[in-house]
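Data block below; observations after.
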Amino acid sequence: MPGVMGREGRYALPEQQGPRAADFVLAGQPLPLTGTLRLYTCGITPYDVTHLGHAATFVWSDLLVSLARRLEVKTVSSRNVTDVDDVLTAAAARTAQHYDELAAMQEFQFERDMRELSVARPDLTPKAHAHITQVVQLTDALLRVGAAYVVDGTVFFRAPADLDRHGLDEQQAMAAFAEFGDVAEDGREDVWDVPLWKPSGDADPAWPSPWGWGRPAWHVECSAMAATVFGASVDVLAGGADLAFPHHAYQAAILEAATGTRPFARRQLHVGTVLVDGAKMAKSTGNLVLLRDLLADHEGAAIRLMLLNRRWADAWDYTPDALAEATDLLTRLRAAAAGSGGDADRVHAALLADLDVPTALAVALDEGGEAARTALSVLKL
Ligand code: ZN
């Protein structure tokens, strides 16, 4: 029997040679994996089709889960659905649909796209809709500790003085605020305060609350969902780089104020923005690269490899050539995997070093055999 050494009381454990979960580094800082890895990924607002920028975030989250599980680290992943949001309500109104109907359809298509990229369904998929009670409780808690105040049915969160702006200066931070539709013309005491609960108009979804009929705002929805599934903190908070500020900064500040536990997130996985001709993809500029269109004539694995074959924090430019190169690389990796020899350890070591996929792939091509098979398996190609 493996591991039984001829003496009573000695038991078998999985192999402990080579790179270990305790070696893991994320965002330049050690994050020894121990106990349960709690990963909260900021999910979609289901009002539009998935583009390459969304897909990048979810593929990187999925890789982190894949690596942790390979190293036998228990992982609980959560990816929310923000199905109560003013942009969703507005999009539904434009097409004369009910917002819940639009959300359900978009969510279905999103999940189909994710399957084609081999992104596993997270263990937990909280929806804003099902967490209104928790938003009200959280808002109540913030009022009790003086971190929020009410003005005419709107509850505002008082931005802390040490709010993490993720390196943005005041002007850049204000521009980021404006990009997500936050405007300081509604009675808030300070320009950096944000609404938690807003009174609903006739066309808006509405729930009863101690402050009247209304609906939650975006940041507090994610705060409430994260606190409901994970409690006061998470190990990794993932999302696109544009979510760092204001969304994740406020999500963290809201929870830290309510729970007293700091930091809310031990590490942040802010995936670099996917650009087209140097510009961020946006519906308004008409430069969206839709996953559906790419999947029409490319293998999902090639798209996944294109998204992963870089440092996760870097912004990069999508071009059709990048996808052609990834398709070619995938063919070479598969050929290399058919060979013998190779060592999985160097692949694991590269991935443990801040998810360094380019190095892992270089090792896989160089050594072939087991190294290439390991890379294909962990990267789910
Ligand atoms: Zn979020």
- Query: Taking ALA362, is it in contact with a strand residue (DSSP E or B) (Cβ under 7 Å, 6 or more places away or on another chain), surrounded by fewer than 20 Cβ atoms within 10 Å (Cβ to Cβ) and not in a strand (DSSP E or B)?
  - Reply: no
- Query: Which of the residues spanning the stretch 334-356 are assigned to a helix (DSSP H, G or I), more than 18 Å from LEU33 (Cβ to Cβ) and either within 23 Å of the chain's Cα centre (by Cα) or of a type in the set (Gly, Ala, Ser) (or both)?
  - Reply: ALA335, ALA336, ALA337
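Residues checked against (1) open to solvent by 20 Å² or more (accessible area, probe 1.4 Å); (2) more than 14 Å from the ligand (Cβ to nearest atom):
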residue	(1), (2)
VAL49	yes, yes
HIS54	yes, no
THR75	no, yes
ASP85	yes, no
ALA90	yes, yes
THR95	yes, yes
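So, of the residues in the stretch 26-44 that are more than 16 Å from the ligand (Cβ to nearest atom) and part of a strand (DSSP E or B), which turns out to be farthest from LEU352 (Cα to Cα)? Let's see the steps before the verdict.
Narrowing the stretch 26-44 to residues more than 16 Å from the ligand (Cβ to nearest atom): 26-37.
In the following step, the residues that additionally are part of a strand (DSSP E or B) were identified as 26, 29-30, 36-37.
Details: LEU26: 8, GLN29: 11, PRO30: 10, THR36: 17, LEU37: 14 Å.
Among those residues, the one meeting the criterion is THR36.
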- Could you tell me whether GLN268 is within 18 Å of the chain's Cα centre (by Cα), open to solvent by 30 Å² or more (accessible area, probe 1.4 Å), within 21 Å of ARG38 (Cβ to Cβ) and within 16 Å of the ligand (Cβ to nearest atom)? yes
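Okay, residues lined up against (1) in contact with a Gly (Cβ under 8 Å, 6 or more places away or on another chain); (2) open to solvent by 30 Å² or more (accessible area, probe 1.4 Å); (3) assigned by TED's automatic domain parsing to the domain that holds VAL145:
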{"site": "CYS222", "(1), (2), (3)": "no, no, yes"}
{"site": "THR228", "(1), (2), (3)": "no, yes, yes"}
{"site": "GLY239", "(1), (2), (3)": "no, no, yes"}
{"site": "GLY278", "(1), (2), (3)": "no, yes, no"}
{"site": "LYS283", "(1), (2), (3)": "no, yes, no"}
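Restricting attention to the stretch 45-72, report how many residues are part of a loop (DSSP other than H, G, I, E, B) and at pLDDT 95 or above. Give the derivation first.
Restricting attention to the stretch 45-72, the residues satisfying the condition of being part of a loop (DSSP other than H, G, I, E, B) are 45-50, 71-72.
Cutting the leftovers down to at pLDDT 95 or above gives us none.
Here the count works out to 0.
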- Note on the structure: Being free of Cβ contacts under 8 Å to residues at least 40 places away in the same chain and in contact with a strand residue (DSSP E or B) (Cβ under 8 Å, 6 or more places away or on another chain) narrows GLY272, GLY278, GLY368, GLY339 down to just GLY278
- Message: Quick check on the stretch 114-136. Is at least one of its residues in a helix (DSSP H, G or I), modelled with pLDDT of 95 or more, more than 19 Å from THR259 (Cβ to Cβ) and of a type in the set (Asp, Glu)?
- Response: yes
- Note on the structure: The residue that is nearest to the chain's Cα centre (by Cα), considering only those in the stretch 217-256 that are among the acidic types (Asp, Glu) and within 12 Å of the ligand (Cβ to nearest atom), is ASP242
- Note on the structure: Given (1) of a type in the set (Asp, Glu); (2) part of a helix (DSSP H, G or I); (3) under 20 Å from PHE58 (Cβ atoms), GLU370 misses just (3)
- Task: Quick one: in the stretch 56-73, of everything that is open to solvent by less than 10 Å² (accessible area, probe 1.4 Å) and touching a Leu at 6+ places or on another chain (Cβ under 6 Å), which residue is nearest to the ligand (Cβ to nearest atom)?
- Result: ALA56
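The values are calculated or read from the model by the stated rules, or taken from the named source; none is laboratory data. Quantities reported herein were computed from a predicted structural model and do not represent experimental measurements. Please note: Cβ atoms are built from the backbone with ideal geometry, for glycine as well, and neighbour counts cover all protein chains shown. Surface accessibility is based on the protein's heavy atoms, side chains included, excluding ligands, DNA and RNA. Shrake-Rupley method; radii C 1.70, N 1.55, O 1.52, S 1.80 Å.
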